[in-house]
Every structure is written in structure tokens, then in C-alpha cells.
Amino acid sequence: MKYPFLTGIVLAGAVAANAQTTSTVTVNAGTTVRTFDDRLSAMNTATWDGSLTSTDSNNAVAAMDTRIMRFPGGSSSDVYHWQTNLVDGSTYAGVSFDQFETQLALPNHIQTMITLNYGDASVSEAQAWVAYSVSKNYNVKYWEVGNECYGNWENDTHAHQWDPLTYGQQAVLYINAVKQADPTARVGVVLGVGEDAYPAAITSEAVTNPVTHVSHFGWDPIVLATMAKAGVYPDFVIYHRYEQQPSQENDGGLMSVGGTTAPNAATVPGSWADISNELQAELTDYLGQANAAKVEVLNTENNSVSYNPGKQTTSLVNGLYMADSLGYVASQTNFNGWIWWDLYNGNTQYNNGSNLYGWRQYGDYGVIQAPNSQTPATTTLYFPTYYVQKILGHFARQGDQVVSATSTLTRYLDVFAAKRADGSLSLLVINKSIPTTNNGQTLTANFTLNGFTPAAAATEYQYGTAQDTQAQTDTANSTNAFADAAADVQTSTVSISGPTFSLAFPAASVTLLSIPPAQAASSSDRLVNISSNGYVNGTTNELDAGFFVSGPVGSTETVLIRGIGPALTGFGVSGAATNVNLTVYSAANNNAVIATNNGWSGGSQANTTQLQNAFSSTGAFGLPVGSMDSAVILQLAPGSYTATVNGVGTVSGTAVAEVYEVTSSGNARLLNISCRGLVDSSGHMLTDGFYIAGTGGNQEQVLIRGVGPGLSAFLSSYVADPALKLFTAGSPPVEIAANDDWSDSATSGMNAAFAATYAFGLTPMSRDAGLLITLPPGGYTAQVYGTDGPGGDALVEIYEVPQH
């Protein structure tokens, strides 16, 4: 189970019954609050969970669209030795690091966050772990120095236990060691919240706040001041949040904590926003504004009760709390990570009081539970938090924009909104009215959508009392609730009458409305093919060409996708990659691989002929039969896709990724494209070609971006100062526009174009490059290169700007 962690928050009293049952909800789709980060949809795991790599686990993380996982799990991290897979030096831990990576993380394209053993391991052991991960090409980017190291429940064998000065000094050593093993790694340190929380046992360690000049001897000030003195700063800081204390669980308190201040906020900030502000203030005061700006804040554990979980954790109430937490974290804080505790845990018999809502008479932090002797189930159990997490997977993902949303019945009906990369608007609606708090009322929302014109119908994902009750019925009858569609998330189509409409939401429910935009009038001007040219080197440097197919449900786009290497020599390209592999991923299917090819003509004669016909019909140049270039033809539904081109084995050189429209049905079309690859000031650049189809005097407005610093939230290595040039196709090409450092002025129109195309936002006055330009039909080339400073990954993007 979870080891004890006390936030100091005490919640009492229930939310009073509300006489109002209608909320006015206003969504401003043009007001971006933040860019969504996949670390805001993550799950904790634990090495001691024997079911962690099971088929049910793999199916669950795929269904929840989990992108990030933390391992080896809570307080067990500070007794875990990765090389021997032992805890306390003698006890077998369970699932090993290699098993976790190869049997769960890698098959599901999950990035891992590792909590290093601060309790009884050496810095060299941590460094060896990082080096081993790099050697195995495991997808580990984030490393935490210990878990809740301020608490006496945590294993700590240092001379001064749970001591902030010792921890700060050791954190400096850990950071230096980790970055020696992997310079791209990001390393985080543990904080609590509040300058006097978890005070040092040795009062002489007290430090003075450089801004307020007040002396403090709490954990956070001493850790931060110690690191600042050494000139070594964390990449991120870590906070854990558990709302309530065991035996004091209260449904009303849990439903009210997300956006309000707790009763004892004078000593402990209560809301997510309060805590975010407090942590940011500490970073700024003790590290200085410039250094603090480089440090992220992550919440790596969250659940409803600090230890000894009772029936509330397995009830629908905890599912409502889960959704509410994510909504508030994503819309009101600077947290770039929110990780739920946890995937699996275990059955516990603690507070099962009748004052708590729910029918399961046991507790469990996990969202799923393997069969065990303490429950009547003979199959894996799926709790409400699992189903809610499935719904949250439809809310937002990396790069989507969280936008402004308000509800006049906040605390009863919370609403959060996001603009997706596919142009749709997501509305997360949580009715927190349950029998133990607010008489279990259906609540109606009168929506007004500003800056967004909806289609006539939306997809609704919903889980609430009806589904939870069905699971209870199944359990009582000893049947598998997971196999019963009536106990799962319910998916339906709802009518939308326009930007102003009303919908009712049942008591104690989580609902996600996915609303596509109204289709603009068709235009003969459209993007019909794209290509990206760059440097590949095995799997170390590859071309990632992303593209988006737009269209209503049921429409399709048939595309030709190619990875070109050897054929480039026929065009006088020196240093072309001699053997390239093509892989195509679908974002809608958890980035699952939907096609691969190496050697385009290596299949049947019919397939080769089909490809040759597609080359001819799209205007793509021919490929020699038997060449190790790659190509596939796919019929795609609307959604986001990525085509990755890499050198086979250790092959390096210049390569091209191409996407051509072959045919379309039902108004499907290519809407935007992007390519990520290596850029520097010594010759490596990205070149994206695109073609606008159309006739006569028609014009197409396009947004073109060369992003470097704007990738800092997603990548650790990026080009510091990209520049952008736009050329007409032809011989010779003619430069028609250029930019180095985009403008965010009101007259530039750039921010409006970002919002219109659902491009992620860029920091004002950043050194990213951008052009907003209107072009006639024809072929064009956008070139992104580094001007000065270190090289790294860059992203070149081309968006068709919708015209209204």
C-alpha cells in the first residue's frame, strides 16, 4: 500500500444541498490557458505488483491512453536496488526494471519516470542505472532523487536522517552523476509545501529568504538554498498531494477541495492553485527568477487519502475527484505533471463507514485490482477511477490547448475545456452532486461557446451512477463487470444546436463531450502533398513527419507515404541514406504502428504495380525496382498520424519523408503537416516541401513555423535559435519570405493563427520563427536551419489557416 504521507489538510463538513440545478457555462475557445502536457495524464506503478506486466495491465494502460508511468513506486523506491531487483538488500522486489520496460512500457509507447533510491543506495548505483537505461534504449527521460525524503516513514540511512541539508548536498551529487551518464536526462528533487513544513532537526541549518529576509528552517528553503549555493539546480521539483487523513474521509470535503481553499489555508495552501503559487514563489525566492524559470513543477502522486485507504478510494466519489483534480491542475496551475497513485495496489479494510458513498466495502488505491482472496472476484476488478481515466484520455494530449471555461455552479458542476489538434473542442463536465453531499441531483448546463462554431453533433463519453450500479449487480451475481458493456464508459451521439445549447448531466457523473468544428465551405485550394528532407542516423536521429487528416465522421483519405533515401542519389544528392525504414503511427490508437515498410518493391507484383500507379497519379517521382526506399498506401480516417523515417541499423545520411493525397471521400483532406529532425548551424537543416492545389486567382493562407525553444516542454535537446525561409518551387527556387524570431504583436496576427489552427502556443518574444502568408496555388519549400548556439531538434510546421 501507499506509505504514509501527511499534507496537514483536514477537511470537515459536507457540501450543502444546492437549490440551483442549472449552471451557466461559458467557454472561450480563443483564450488559451496553457499547452497540455502528456505528463498530466500519467500513472504510478510499483515493482512489488506481480500483475504489473500482465495482459490485463497492458490492456488497461492502452484503454486509458497512458503516456507516462512512474516506477518503481512510492516509498519502496528508497529501498529498491535495480541491479539485483531486491529491496532492503535481501527481499525479492517483484517485477524488475527490464521486465517493466520490455513487457509494459515499451510495447505501449510509454515514457518512464524513475524514482532513484536515496534511502540506502549510493550515487554511483544511480549513475549506473541511468547508463544502463541509455544502453538499452529505454525511454527514460525523468529521474527523481528519492521519494518523500522529508518524512520519517521513508527509509533513510544517512547520518542525519530526513535532513534537508543532507538531502540538498546529496541532490547536487545525484544530478551531476545522472547528467554525466545521460546529458539529456532531467533530474528532479523532492519538496513539500510551505517554508516551515517538515523542519530540520538541526536548527542551525535555518536559512534566510533572500527576498523577505525572514529566517526559515523548513525542508524546502534549506534544500533550495543548499543547491543554489552549489550552483546546481534541479530540472523539476516534486510535490505529492493526498487530500484527507485516514478515518477522517468526508465526501463533501473531497468534492470541494479542487478549486477552493481548505479550512486551514493559513498554514497549508488548500487549492491546487494555492499550492502551485506557493511552490513557484519558493523557487523564485531561493533560486532567483532566472533560475526558477527553468525549473518545472510536477505532482507525481495524487489520491484521496494519505494512507490506510477505505471504501472512498474504490467508490465513484474518488473517480469524480480524479477528474476534478486533473481539470484544476491543467487549467489553474503551472504543474506540468500529474501522476495518479496508482495502477495496482491492494485490498485494504479500513474506513468503510456508512457516511461514505459507495458499495464496495474495502479500499484500494489502484485503478484496477488483480483477483485475491479478500474479494469475491475471480477476475481483475476495474474501479470507477479506471473508467474515469479512460474518459480523461479523450480530454487532451500533448500539444493540445487548454482553454478558458467557467461554470456558475462550480463545486457542484465543474467544466474544463481543451482544443484538440484535430480541431475539435473537448468539454470535461463533472457533476459532483452525490447522495451524501448534494442529494444526488441532475444538473443542467447552458453552454455558450465563444470563438468556436460546433458541428451539429458531438460524441459523448460518460460514466456515473448507472454504470457503477451495473458493476455492483454484476459483482453480486459473480459475473465479470468488465465484460458487461453496460458497466463500461457509455459512448453516444448528442445533438448540438449551435454555439449556444443546453445539456443535462446525471448526478455523480463524469462526461466528456468531443465536439468537432463545423465544416467550412469547401475550397479548391488545399494541401495535397508534403515532403520533409533531413538527416537520419539509425534510430538516433530520424525524421518524424506528422500530418493531420481533417473531415467528418465516415470520411476517408487515401494517402501515399514514402521514405526516400537511395533514390536521392539520382538527383545529385551526396550522402543520401542507403537503406531507410518507414513506420506509420496513429495517434487515435495510442500511437500504435499501423504500417511499416523497408524496400518498397519487396512485396507482391500487384502491390508494386499499385504503388507505381500511385507514384504516377500523384506526380511523385518513380523509384527503382529493388531499391531500399520505402512506400505504403493507406486509407485513413480523420485524425493525427506520424510517418517516421530512419536509417536501417547504423545507416546515416539525407532522407526524405513524403505524404501525398491519392484520393479522398466525404470532404476529407490534409490539413496540416510537421516534421521534427536535427538542425544546427553547420549544415544540418529541415526542408519541407508542400503543394497547394487550386485554380485561377484563389489564395490559401498558411501558417509556417520553425520551432526550437518552443519544444522545451517536450524535449531536452532543441535548436536554440532557428530561422525560417520560404521558397517557390522551381529551378532555381526563389526566396519569397523569411523570419528569424516570430512576433507576438497584436498586428502580426500570429497568435490568432495559432488559435485558429490549434497550433500550440509559443512564449512571447521567443527565438522561434514563424510566417503567416497568403499563397496562390503551386509548390513551395520551407527551410529551417540553426543560426547560432547549440544544435538540436527542430520542428517545421505548415498549417492551412481556416477562412470564415
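Among what's in region 532-556 and is in contact (Cβ under 8 Å) with a residue 40 or more places away in the chain and among the polar types (S, T, N, Q), pick the residue that is surrounded by the most Cβ atoms within 10 Å (Cβ to Cβ).
So the residue we want is Ser532.
Hey, can you tell me all the residues within region 224-252 that are free of Cβ contacts under 8 Å to residues at least 12 places away in the same chain and either under 13 Å from Leu191 (Cβ atoms) or small (Gly, Ala, Ser) (or both)?
Gly231
Tell me the strands (runs of 3 or more DSSP E) entirely within region 543-661 that contain at least 1 residues that are touching a strand residue (DSSP E or B) at 6+ places or on another chain (Cβ under 6 Å) and under 20 Å from Ile798 (Cβ atoms). Full working, then the answer.
Values: elements: 543-550, 556-564, 580-586, 592-597, 630-636, 639-647.
Here the list reads 543-550, 556-564, 580-586, 630-636, 639-647.
Please go through region 271-312 and give me each residue that is open to solvent by 40 Å² or more (accessible area, probe 1.4 Å) and over 22 Å from Asn352 (Cβ atoms), ordered by number.
Asp274, Asn277, Glu278, Gln280, Ala281, Thr284, Gln289, Ala290, Asn291, Ala293, Lys294
If only one of Val189, Val178 is under 31 Å from the mean Cα position of the chain (by Cα) and either open to solvent by 30 Å² or more (accessible area, probe 1.4 Å) or closer than 19 Å to Asn299 by Cα (or both), which one is it? Working first, answer last.
Numbers: Val178 fails: either open to solvent by 30 Å² or more (accessible area, probe 1.4 Å) or closer than 19 Å to Asn299 by Cα (or both).
One residue alone meets the criteria, Val189.
List every residue pair whose Cβ atoms lie under 6 Å apart, where the two residues are 6 or more positions apart in sequence or sit on different chains, the first residue falls within region 665-680 and is outside any strand (DSSP E or B), and the second residue, located anywhere, is modelled with pLDDT under 75.
Pairs found: Asp680/Gly791.
Can we say Tyr118 is at pLDDT 95 or above and open to solvent by less than 10 Å² (accessible area, probe 1.4 Å)?
Considered against the rule, which asks whether it is at pLDDT 95 or above and open to solvent by less than 10 Å² (accessible area, probe 1.4 Å), Tyr118 comes out as yes.
If you check Thr91 against the conditions, is it of a type in the set (Ser, Thr, Tyr), farther than 22 Å from His394 by Cα, out of contact with any Phe, Trp or Tyr (no Cβ under 7 Å at 6 or more places or on another chain) and open to solvent by less than 30 Å² (accessible area, probe 1.4 Å)?
no
Provide a single number: the residues in region 573-598 that are of a type in the set (S, T, N, Q) and open to solvent by less than 10 Å² (accessible area, probe 1.4 Å).
Result for region 573-598: 1.
For region 203-223, state whether one or more residues are touching a residue at least 24 places away in the same chain (Cβ under 8 Å), of a type in the set (Gly, Ala, Ser) and open to solvent by 40 Å² or more (accessible area, probe 1.4 Å).
Within region 203-223, none of the residues are touching a residue at least 24 places away in the same chain (Cβ under 8 Å), of a type in the set (Gly, Ala, Ser) and open to solvent by 40 Å² or more (accessible area, probe 1.4 Å).
Quick one: is Pro183 over 30 Å from Val429 (Cβ atoms), at pLDDT below 95 and either touching a Ser or Thr at 6+ places or on another chain (Cβ under 7 Å) or of a type outside the set (S, T, N, Q) (or both)?
Taking the combined requirement at face value, the residue satisfies it.
For region 495-517, which residues satisfy the criterion of being open to solvent by 20 Å² or more (accessible area, probe 1.4 Å) and not small (Gly, Ala, Ser)?
The answer is Pro499, Thr500, Leu503, Pro506, Pro516, Pro517.
Of the residues Ser124, Ser90, only one is at pLDDT 95 or above, of a type in the set (Gly, Ala, Ser) and at negative phi; which? Before the answer, list the steps.
On the way: Ser90 fails: at pLDDT 95 or above.
Unique residue meeting the criteria: Ser124.
For the list (1) open to solvent by less than 60 Å² (accessible area, probe 1.4 Å); (2) in contact (Cβ under 8 Å) with a residue 60 or more places away in the chain, I need the number of the one condition that Ser601 fails.
(2)
Failed condition for Asp78, given (1) part of a helix (DSSP H, G or I); (2) open to solvent by 40 Å² or more (accessible area, probe 1.4 Å); (3) of a type outside the set (Phe, Trp, Tyr); (4) in contact (Cβ under 8 Å) with a residue 60 or more places away in the chain, with all others met?
Unmet condition: (2).
Return the residues of region 755-804 that are closer than 16 Å to Asp422 by Cα and either open to solvent by less than 40 Å² (accessible area, probe 1.4 Å) or in contact with a strand residue (DSSP E or B) (Cβ under 6 Å, 6 or more places away or on another chain) (or both); say none if nothing qualifies.
Ala755, Ala756, Thr757, Tyr758, Ala759, Phe760, Gly761, Glu797, Ile798, Tyr799, Glu800, Val801 - these are the residues of region 755-804 that are closer than 16 Å to Asp422 by Cα and either open to solvent by less than 40 Å² (accessible area, probe 1.4 Å) or in contact with a strand residue (DSSP E or B) (Cβ under 6 Å, 6 or more places away or on another chain) (or both).
I'd like to know if region 122-138 contains one or more residues that are within 24 Å of Arg39 (Cβ to Cβ), open to solvent by less than 10 Å² (accessible area, probe 1.4 Å), touching a strand residue (DSSP E or B) at 6+ places or on another chain (Cβ under 7 Å) and in a loop (DSSP other than H, G, I, E, B).
Checked against the condition, which is being within 24 Å of Arg39 (Cβ to Cβ), open to solvent by less than 10 Å² (accessible area, probe 1.4 Å), touching a strand residue (DSSP E or B) at 6+ places or on another chain (Cβ under 7 Å) and in a loop (DSSP other than H, G, I, E, B), region 122-138 yields no hits at all.
In region 60-70, is there at least one residue being among the small types (Gly, Ala, Ser) and crowded, with 21+ Cβ neighbours inside 10 Å? If you could, list the steps in order and put the result at the bottom.
Taking region 60-70 as the starting set, the residues that turn out to be among the small types (Gly, Ala, Ser) are 60, 62-63.
Pick out the ones that are also crowded, with 21+ Cβ neighbours inside 10 Å and you get 60.
Scanning region 60-70, I find at least one residue that is among the small types (Gly, Ala, Ser) and crowded, with 21+ Cβ neighbours inside 10 Å, so the answer is yes.
Go through region 557-572 residue by residue and tally those that are more than 24 Å from Val801 (Cβ to Cβ) and either surrounded by fewer than 18 Cβ atoms within 10 Å (Cβ to Cβ) or of a type in the set (Asp, Glu) (or both).
Qualifying residue count for the region: 5.
Does Ala225 satisfy the criteria of being of a type in the set (A, V, I, L, M) and in contact with a helix residue (DSSP H, G or I) (Cβ under 6 Å, 6 or more places away or on another chain)?
Criteria met by Ala225.
For the structure I just gave you, tell me whether Val645 is modelled with pLDDT of 90 or more, of a type outside the set (Phe, Trp, Tyr) and within 20 Å of Ala782 (Cβ to Cβ).
yes
Need the failing condition index for Val172 against (1) surrounded by fewer than 22 Cβ atoms within 10 Å (Cβ to Cβ); (2) over 29 Å from the mean Cα position of the chain (by Cα), just the number.
Result: Val172 fails condition (2) only.
Need a quick list: strands (runs of 3 or more DSSP E) entirely within region 758-802 having at least 2 residues that are farther than 28 Å from Thr184 by Cβ and over 28 Å from the mean Cα position of the chain (by Cα).
Output list reads 769-775, 778-786.
Out of Phe727, Phe714, Phe690, report the one residue that is more than 28 Å from Val295 (Cβ to Cβ), open to solvent by 20 Å² or more (accessible area, probe 1.4 Å) and either modelled with pLDDT under 80 or hydrophobic (A, V, I, L, M, F, W, C) (or both).
None of the other options fit; the residue is Phe727.
Return the pair list, or none, for Cβ contacts closer than 6 Å from residues in region 644-657 that are closer than 15 Å to Val584 by Cβ to residues that are open to solvent by 10 Å² or more (accessible area, probe 1.4 Å) and modelled with pLDDT of 90 or more, at least 6 apart or on different chains.
Thr644/Thr583; Asn646/Asn581
The values are calculated or read from the model by the stated rules, or taken from the named source; none is laboratory data. Note that the coordinates shown come from a computational prediction; the quantities given were computed from them, not determined experimentally. Methodologically, a virtual Cβ is constructed for each residue, glycine included, from the backbone with ideal geometry; neighbour enumeration extends over all protein chains shown. Surface accessibility is based on the protein's heavy atoms, side chains included, excluding ligands, DNA and RNA. Shrake-Rupley method; radii C 1.70, N 1.55, O 1.52, S 1.80 Å.
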